[in-house]
Amino acid sequence: MPGIVLLGAQWGDEGKGKITDLIADDFDFVVRYQGGNNAGHTVIHGDTHLALHLIPSGIMYPHITPLIGNGCVIDPKVLIGEMDKLEAGGISTERLLISGNAHLIMPWHLLLDAGSERKLGQNEIGTTRRGIGPAYQDKAARTGIRVQDLLDAHILKLKIETALVEKNELLTKIYRIDPLDPVEVYRDFQRFADRIVPHICESSQLLNAALRDNQWVLFEGAQGTLLDLDHGTYPFVTSSSCTAGGAAIGSGVGPTQINKVLGIAKAYITRVGSGPFPTELFDKTGQLLGEVGAEFGTTTGRARRCGWYDAVIVRYAAEVNGLTDLCITKLDVLSCLDTIKVCVAYEHDGRRYTTVPGSQSAFHHATPIYEELPGWQTDISACRSYYELPREARDYIDFIENLADVPVSIIAVGPERTQTIMRRWKPRS
Ligand code: GDP
Ligand code: IMO
Ligand code: MG
């Protein structure tokens with residue numbers, strides 16, 4: 001012990017990469033437990049700027065073992081590219097471990113992701129087109145190809161050939177895309193195997209042994225609570241369990257091994273892709289937040305939709321994840337505003353909601369009820385303690401804290417690792 005989960009409390013891009021990198025020093029393992037290279041986690045330290053998609057954000061610390069858990073889906077070409085990039089920047093990836101039970105994103109998954117989005121037309125999910133949905137689909141259908149299949153050339157070849165019998169029919173007949181050649185796919189994957197096989201491990205056993213040995217494990221979530229397959233804004237979600245329960249499933253440790261859950265939320269909110277977004281701003285304020293907050297996707301470069309902080313969503317995230325701590329990021333971005341709104345509840349059909357409505361349609365049509373707070377309009381990026389913050393900024397944090405009923409333990413005031421206020425973060429307690 002301890003096992004600590006760090007995850008997004010909104011729709012992703014909350015700053016999980018920065019905060020993982022910030023607190024990782026105390027840990028022995030940093031584990032990704034779901035998702036794939038749809039994630040884009042930014043880590044900035046001095047002159048080093050990393051955009052990580054698959055490799056856990058603790059990679060910069062030589063004493064940490066980064067591990068990609070069984071709940072993830074891995075595009076081997078992307079993983080190898082990321083490893084090469086890190087190595088070229090002087091960051092060793094030798095310690096990286098990969099669960100043999102994680103699933104592989106195959107070339108047909110990328111084509112099917114794009115094809116299905118095209119077919120949906122106006123109703124598209126707005127996926128990252130990284131093959132995530134189709135790879136998890138095959139996992140659930142029990143026809144997926146796993147990392148451990150790279151260990152046996154014969155099995156790998158057979159699985160690729162078998163899969164392509166059906167996938168090529170789908171590609172050509174339904175999506176009007178050229179078929180894939182099994183020989184070529186197999187040849188590529190044999191090359192990938194040479195690089196990946198040395199990193200394969202029995203991750204569940206390893207993590208359980210580490211926890212028994214009092215080592216520290218940080219579970220780094222990807223995406224965010226509202227993108228969770230079960231608890232998010234379905235169908236506008238990703239295909240994995242981003243919430244805290246997913247950490248147990250996606251790594252093979254029991255839920256009793258998790259003793260803290262740190263939720264990361266921006267001081268406002270953003271979303272990439274389609275789907276309902278009650279506090280979305282379509283005006284100059286939304287544009288300003290996007291500009292000042294540099295709200296462009298780390299993975300796809302798409303402009304992120306911006307809106308006011310939604311306390312209903314964070315309260316919901318506190319419940320479904322059992323949050324013990326909150327971290328509010330990008331507080332510095334709000335310095336550009338003279339007044340700031342916070343959504344405290346929704347109204348729909350004459351009913352007031354203080355948590356996310358169970359009905360998709362009610363959420364879609366929910367009207368936010370706002371409270372307005374004064375801004376501070378001074379640069380806070382050099383503040384390193386809560387009491388250095390202007391009174392209005394402290395009031396804003398206290399307001400959010402009360403609404404979430406979870407202590408705000410960390411406040412981020414800039415993208416750099418050092419631009420952080422450690423208010424109440426006590427991983428040892
Ligand atoms: P993640 O997917 O949750 O890891 O978040 P991303 O890395 O995709 O997006 C967060 C962006 O905000 C990155 O560009 C970070 O460098 C940046 N960032 C993180 N924390 C802060 C902060 O407190 N202030 C500012 N201005 N930028 C931040
Ligand atoms: P990080 O880890 C923000 C969104 C996509 C789309 C939906 C489904 O950086 O916070 P997918 O490709 O997963 O099938 O797309 O989920 N999405 C993200 N949005 N941050 C992410 O990751 C995301 N990963 C997926 O935009 O709406
Ligand atoms: Mg991101």
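The C-alpha atoms of the chain define a longest principal axis, and helix 182-196 lies at about 60 degrees to it. For Arg95 and His49, what does the FRET efficiency come to when R0 = 22 Å and r is the distance between their Cβ atoms, rounded to the nearest 0.05? The formula returns an efficiency of 0.55 here. Heavy-atom surface analysis with a 1.4 Å probe gives the chain a carbon and sulfur content of 51 percent of its accessible area. With the cut-off at under 15 Å, measuring from each backbone N in the range 4-31 to a point 7 Å along the Cα-to-Cβ line of Asp213 picks out 27-30. Taken one residue at a time, the phi angles of the range 53-65 give Karplus couplings (6.51, -1.76, 1.60, θ = phi - 60°) of 10, 10, 7, x, 6, x, 4, 6, 9, x, 8, 8, 9 Hz. Gly and Pro are set to x. Pairs from the list Lys18/Lys119; Lys16/Lys157; Lys16/Lys426; Lys119/Lys284; Lys16/Lys260; Lys139/Lys173 with a Cα-Cα gap above 27 Å: Lys18/Lys119; Lys16/Lys157; Lys119/Lys284. Entry comment: accessible area of the chain is 41 Å² per residue, from protein heavy atoms only and a probe of 1.4 Å. The modelled label-to-label distance for the pair Arg142/Ser385, using points 7 Å beyond Cα in the direction of Cβ, is 6.0 nm. The dipole here belongs to the range 64-109: it is taken about the Cα centre, uses +1 on the Cβ of Lys and Arg and -1 on the Cβ of Asp and Glu, and is about 80 debye.
In percent, rounded to a whole number, the relative contact order of the chain is 20, using alpha-carbon pairs under 8 Å and six or more apart.
For the Cα atoms of the chain, what angle does the longest principal axis make with the long axis of helix 107-120, in degrees from 0 to 90, nearest 10? Tilt relative to the chain: about 50 degrees. When only alpha carbons are used to place a centre, the range 164-243 and the range 54-93 end up 14 Å from one another. Spin-label model, Thr300 to Thr172: label points 7 Å out along the Cα-to-beta-carbon direction sit 3.0 nm apart.
The values are calculated or read from the model by the stated rules, or taken from the named source; none is laboratory data. As the structure is a prediction and not an experimental result, all values here were calculated from the model. A quick note on method: Cβ atoms are made from the backbone with ideal geometry, for glycine too, and the neighbour counts reach across all protein chains shown. Just the protein is used for accessible areas: all its heavy atoms, side chains included, with ligands, DNA and RNA removed. Shrake-Rupley method; radii C 1.70, N 1.55, O 1.52, S 1.80 Å.
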